[in-house]
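The structure appears below as structure tokens.
We did not get these values from a lab; they are worked out from the coordinates using the rules stated. Please read all numbers here as calculations on a predicted model, not as lab measurements. Here the Cβ is made from the backbone with ideal geometry for all residues, glycine too, and neighbour counts use every protein chain on show.
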Amino acid sequence: MSQMRVDEIQMAYDDSGAGPPVVLLHGYPFNRSMWREQVAALSANHRVITPDLRGHGDSDCPAGPATMNTMARDVGLLMDGLGITRAVIGGLSMGGYVALAFYRLFALRVRSLILADTRAQADTEEAKQIRAQQAEKVMAEGMAGIADSMLPKLLAPETVSKRPEVVKRIRDMMLRTKPEGAAAALMGMAMRDDQTEHLSRIIPPTLILVGHDDAITPLQDSERMHHEIGGSRLVVIENAGHVSNIEQPERFNEALTDFLDT
Ligand code: MLT
């Protein structure tokens, strides 16, 4: 693990391999370890940067909401510090919200975009209220309750029934998140802008990936982005839910390498 002072936080990240840079942004309430299989697959031909977004993993968690724009600025500053002007920017779920915010802020720094198990819409009023309740719950009770209530929604039924090691890996990753970090991300996600009307202005090549059984950011959300983003490629991953990169790493990596090689 490496660390860099970025704005007011110490940001943890891994920097693996050499070649054209690819920055991969994890979801909530995960950390950079979720990209293990993708780092292994891509780092032979790419420089892969996997940060812990603020409040997650080994990065600091300052007080207040962690907005998608703040997280995107952190990523921009990290890239500055690493001497990376332009990169492939990819994110899963919340990481995808951050990738879309990054594109709005720094379009010219995006060589291409990878949007995995994510969506462009903002939260509904009801979703915002649920986030506020979850933030209170996590601060009062810690991560276990949230992790256990999220798990069945995060994973495809087949993953839950047949792959206990995947369930454990994801649960352990969620338990490592600090409650303050989870609460800050929940508040930040609730405040995020709706990106729908900006999708048609995305110019770089874009890969959209989604688990067929994603119950959190369902297939229709990805189909909508695919429809709006000109020339985008949509790959649906069978037997995967919301964490498609861990549930079906071979299929996910094949789509990534095909996209990066073209
Ligand atoms: C994630 O996986 O990052 C979150 O589930 C996204 C969300 O809650 O909207």
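Which of the three applies to segment 105-255, rounded, prolate or oblate, going by the alpha-carbon gyration tensor with a ≥ b ≥ c and a/c under 1.5 meaning rounded? It comes out oblate by the Cα gyration axes.
Based on Cβ point charges of +1 for Lys and Arg and -1 for Asp and Glu, what charge dipole magnitude is obtained for segment 194-245 about its Cα centre, in debye rounded to the nearest 20? All intermediate terms of the calculation are to be shown ahead of the outcome.
Values: 3 positive and 8 negative charges, 47 e Å.
So the dipole magnitude of segment 194-245 works out to roughly 220 debye.
Between the residues Gly90, Leu108, Met34, the greatest Cα displacement towards the positive end of the dipole of the chain, with unit charges on the Cβ of Lys, Arg, Asp and Glu, is found for Leu108.
Going from the fewest other Cβ atoms within 10 Å to the most, the residues His226, His56 appear in the order His226, His56.
If you take the Cα centroid of segment 165-208 and the Cα centroid of segment 44-116, the two points sit 11 Å apart. For GluC sites (Glu not before Pro), the sites in segment 207-262 that DSSP calls loop and that have at most 13 other Cβ atoms within 10 Å are Glu238. Listed by number, the DSSP H helices of the chain that run 15 Å or longer by alpha-carbon position along their axis and have mean Kyte hydropathy of at least -0.5 are 68-81, 94-105, 143-154, 164-176, 179-190.
If you take every DSSP beta bridge whose two residues both sit in the chain, what share of them, in percent to the nearest 5, is antiparallel? Mind dumping the intermediate values first?
Values: 9 of 31 bridges.
Roughly 30 percent of the beta bridges in the chain run antiparallel, per DSSP.
Amide H contacts under 5 Å for Cys61: Gly55, restricted to partners 5 or more places along the chain or on a different chain, H placed in the peptide plane at 1.01 Å from N.
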